1. Does at least one position in segment A:77-84 carry a residue that is touching a residue at least 24 places away in the same chain (Cβ under 8 Å) and at negative phi?
2. For A:W271, all conditions in the list (1) in contact with a Cys (Cβ under 8 Å, 6 or more places away or on another chain); (2) of a type outside the set (S, T, Y); (3) more than 9 Å from chain C (Cβ to nearest Cβ); (4) closer than 23 Å to A:Y70 by Cα hold save one; what is the number of the exception?
3. Quick one: A:L223 ticks every box in (1) over 24 Å from the mean Cα position of the chain (by Cα); (2) surrounded by 14 or more Cβ atoms within 10 Å (Cβ to Cβ); (3) away from chain C (no Cβ under 14 Å); (4) hydrophobic (A, V, I, L, M, F, W, C) except a single one, so which number is it?
4. Here is a list of conditions, (1) assigned to a helix (DSSP H, G or I); (2) closer than 18 Å to C:D109 by Cα; (3) free of Cβ contacts under 8 Å to residues at least 24 places away in the same chain, and C:V157 meets all of them except one; can you say which number that is?
5. Tell me which of these C:Y164 doesn't satisfy, since it passes every other one: (1) in a loop (DSSP other than H, G, I, E, B); (2) open to solvent by less than 30 Å² (accessible area, probe 1.4 Å); (3) among the aromatic types (F, W, Y).
6. Surrounded by 17 or more Cβ atoms within 10 Å (Cβ to Cβ), within 25 Å of A:T142 (Cα to Cα) and under 19 Å from the mean Cα position of the chain (by Cα) - does that describe any residue in segment C:43-51?
7. Any chance you could count how many residues in segment A:75-104 are among the hydrophobic types (A, V, I, L, M, F, W, C) and either open to solvent by 50 Å² or more (accessible area, probe 1.4 Å) or in contact with a Cys (Cβ under 8 Å, 6 or more places away or on another chain) (or both)?
8. So A:K305 clears everything in (1) open to solvent by 20 Å² or more (accessible area, probe 1.4 Å); (2) more than 14 Å from every other protein chain (Cβ to nearest Cβ); (3) in contact (Cβ under 8 Å) with a residue 24 or more places away in the chain except one condition, right? Which one?
Amino acid sequence: MKVINIDQKKWTKGIDTLGSSYKLIGPVAEKDFHTFEILQQGQLPDMSFTNTRLSPKEVVFPQSEDMFVYSLDQNDEDCNILKEAPKDYSPRVVLGIRPCDARAMRLVKLNFDTEQYKDPYWLRLYEATTFVGLACDQPCATCFCTSTGCGPYHEEGLDILLAKDGDGFKAKVLTDKGRQLAEASGWTDTADDGGAFENARRAAEAGITSKVATDRLRQMDTLELYGADFWEDVSFACINCGTCTYLCPTCWCFDIQDEVHGKKGKRMRNWDSCMFPIFTVHTTGHNPRGTKLHRVRQRFMHKLKYFVDKYDQGIMCVGCGRCVQQCPVNIDIRRVCDLMNSYGSENACAAQG
Amino acid sequence: MGVEPDRLHFSWISSAESTKFVEVVTEITEKVKALGPNTHYVKKEAKVA
Amino acid sequence: MIAYTDKVRQIARRLLEDCSVEMVIGFRKGSQPMMNEPCFIKKAEDADQLVWDGNCGINLANYLTGRKEKIAVFAKGCDSRNIVTHIVENKVQRDRLVIIGVPCTGMIDKRLVASQTEGEIEAVSETGDKVVVKLKDGGSTEFDRRQVLQGNCALCVHRNPVIYDELVADLVEEQTDVDHWADIREIEAMDVEKRRRFFEDLLAPCIRCYACRNACPLCYCPTCFVDESRPQWLGKGQDQIDVHTFHFLRAFHCAGRCTDCGACQRACPVGINMRLLTKKLEKDCFELYQWEAGMALDQRPALDTYKPDDPEGFIK
């Protein structure tokens, strides 16, 4: 297979060159963990990270984002008119996004880019972004990407896939966007790798030992699953914080808020979480998901059943393991997925004979 | 929190203590004027990405 | 404390068998190293799911409110003080509870262990005073248990439960040689500008997931002020003023009630030590009123009483 060799020198030089035509975003070491941040000139992304604590979804879906601005000043000719908030949609590149997080972008796109509705904010940022992925050669114990239709070398959603090669990288260019970026950065040193890339992929996939079964979710009766007896046990420990949903690369819910200060106002959207008690409170005061059991069930049913039924693209989870690692009370989506997937199977066997 | 100590005052004044009320308000006004306008914890606009 | 597990199961089984309670709230083994999951047991035969070790840091008092059953709950020193607070604040009734006291020698700080370990952790076990970390690559590291305790546990002076119906083990010796307020004194000594920057840095990573609030047994308001929309007290975005307002106000709501159980810090996914806020109030309550929250059922909370000899001058 033809790959591009990028040694350390070329990497540094390429990043420097890219800085003039792209906004650079990459992993940066914080106190205890890595986060994706805008890189300053001359700053290199720290590609030695295992995975970031927060997913890079914020690159295309900021936690707080302006939508409109308006004036309430009667002397202003634009008074009471919603105007689009000024935004920066200049080209940008995410360096070192993991394949799971890149696939998550594609799953989120199913929701933000439909025949009927196109989310302009998300889509414009998505289109302005080039995704340069970094393959995982050392997955964590909580990684179960291979069970979710993803993998440590998965290419979906990426424009370029990098794999570590000594001090530098081997790169596989996957799209036109990727080609443009490779040319702009001077990463053009193509050579045949004698199958090394493929071998590394197989080795990495074999390194993922955590597995979940999802094969029965589609055929499962929604209401039966909804009424399953394990939800009380699953939801008991939950404290209804937003950690799982905010860390999750595939959670896309948001809430629209107006904020007025003096005579100026803006309409913005903020991440929301189905774990929060006020998530679906109606204006009447009625809350269809009034207890934590309702809310926990909603999260898992959405990810592992409703989404599966609606889009037929597998589950709404890429197996990044962040929620498993960071849940303060150790609610493990792998356990819940197994409970859901095997629900009623004993009865089914009994019925068959 | 990083709010200057002189910016915040607590006092207990009975409705019968008008003299004390005037004294306290005058003192507070002077102290806060000396500090100038508060620049912290004043939200003129939501800062958003 | 690992030795408590057998006794924990035994007591749970007995209480369910003789119908003293309808459910037992405890911990079961988690799927992650250094994590246990709070759980409930309703059948005596399930009692063997329960475990006890240095990873039971979640405050179980948080799981008692809003339930109708008669409940048995395992309670460390801090949990028991929060149960007292719940009873004093009329959130739970004493006669609906069987409190099983767990004399505690501190909970392990999983992030501290991870940060002091090279490589991925596969399993962590405890033997007496040692914490043994087994690595994925086959190696292992050993820590002195006292060196890897949660910050609040290292400074804890109430390890034994203050209220209980029975105990899983003999009471442990309380720590006396700890400087409980060293970190707070440091912040108090800063000038206004420095202190403001300190709090800005402290709270900068916050993503407003509210894990700190929700892990806290004190935060039981039906609607928290940050969620209230009529009127709306607070912006919901990532504006620094809103983030700070949330943290400061939450801390003030815990004044004179916080037992420094560490649940907030433990729950935080981005590692913020928001205990520095609650501890300052804890220190003030202690120094001004000699008040420690949740120590006895017959004492009214510091902010719930008036004494003519109040040390604050403004009230005179």
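The values are calculated or read from the model by the stated rules, or taken from the named source; none is laboratory data. Everything quoted here is computed from the prediction, not taken from an experiment. Methodologically, a virtual Cβ is constructed for each residue, glycine included, from the backbone with ideal geometry; neighbour enumeration extends over all protein chains shown. For the accessible areas, the whole protein counts, side chains as well, though only heavy atoms, and no ligand, DNA or RNA atoms are used. Shrake-Rupley method; radii C 1.70, N 1.55, O 1.52, S 1.80 Å.
1. Residues of segment A:77-84 that are touching a residue at least 24 places away in the same chain (Cβ under 8 Å), as a first pass: A:82.
Still in the list and also at negative phi: A:82.
Yes.
2. Against the list (1) in contact with a Cys (Cβ under 8 Å, 6 or more places away or on another chain); (2) of a type outside the set (S, T, Y); (3) more than 9 Å from chain C (Cβ to nearest Cβ); (4) closer than 23 Å to A:Y70 by Cα, A:W271 comes up short only on (3).
3. The single condition A:L223 does not satisfy is (2).
4. Only one criterion is unmet by C:V157, namely (1).
5. (2)
6. Yes, segment C:43-51 contains at least one residue that is surrounded by 17 or more Cβ atoms within 10 Å (Cβ to Cβ), within 25 Å of A:T142 (Cα to Cα) and under 19 Å from the mean Cα position of the chain (by Cα).
7. Looking only at segment A:75-104, we keep the residues that are among the hydrophobic types (A, V, I, L, M, F, W, C), and these are A:79, A:81-82, A:85, A:93-95, A:97, A:100, A:102, A:104.
Restricting the remaining residues to those that are either open to solvent by 50 Å² or more (accessible area, probe 1.4 Å) or in contact with a Cys (Cβ under 8 Å, 6 or more places away or on another chain) (or both) gives A:81-82, A:100, A:104.
Going through segment A:75-104 one residue at a time, the tally reaches 4.
8. (1)
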